[in-house]
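The values are calculated or read from the model by the stated rules, or taken from the named source; none is laboratory data. Predicted model only: the values in this text are computed from it and were never measured. As a convention, Cβ positions derive from the backbone with ideal geometry for all residues, glycine included, and neighbour counts pool all protein chains shown.
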Amino acid sequence: MTRFEIDAFLDRLEDSPRVQRLAYFMHAVTEDRILQLSISLAVASLWFALAFADARFLVLFPAAVVAVRRFRRLERNFAPDDDDWL
């Protein structure tokens, strides 16, 4: 495929409702501050626990549960009804 053909394909693809919905979902995920904070706390918890070999830092790890629930709720709100959207 030439670069022109790829550009034409991507232009047609951008008009697709699935692609627009996926783009809106990605925007919602990146803008969700609670999700960002939860992921940051979970990563920091694991990093400190491994770096200092101290399990007390895993107290912050339940933030991973919050992050997973938040992501699934966003996915449920923005995902199309059919399963082949990815």
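Within segment 46-60, which residues are assigned to a loop (DSSP other than H, G, I, E, B) and either in contact with a helix residue (DSSP H, G or I) (Cβ under 9 Å, 6 or more places away or on another chain) or touching a residue at least 60 places away in the same chain (Cβ under 8 Å) (or both)?
Asp54
What are the residues in segment 26-45 that are surrounded by 14 or more Cβ atoms within 10 Å (Cβ to Cβ) and of a type in the set (A, V, I, L, M, F, W, C), if any?
Result: Ala28, Val29, Leu35, Leu37, Ile39, Leu41, Ala42, Val43, Ala44.
If Asp82 satisfies every condition in (1) modelled with pLDDT under 80; (2) surrounded by 14 or more Cβ atoms within 10 Å (Cβ to Cβ); (3) of a type in the set (D, E, K, R) but one, which is the exception?
For Asp82, the failing item is (2).
Could you list, in sequence order, the residues of segment 46-70 that are surrounded by 12 or more Cβ atoms within 10 Å (Cβ to Cβ), at pLDDT 85 or above and not charged (D, E, K, R)?
Leu46, Phe48, Ala49, Val66, Ala67, Val68
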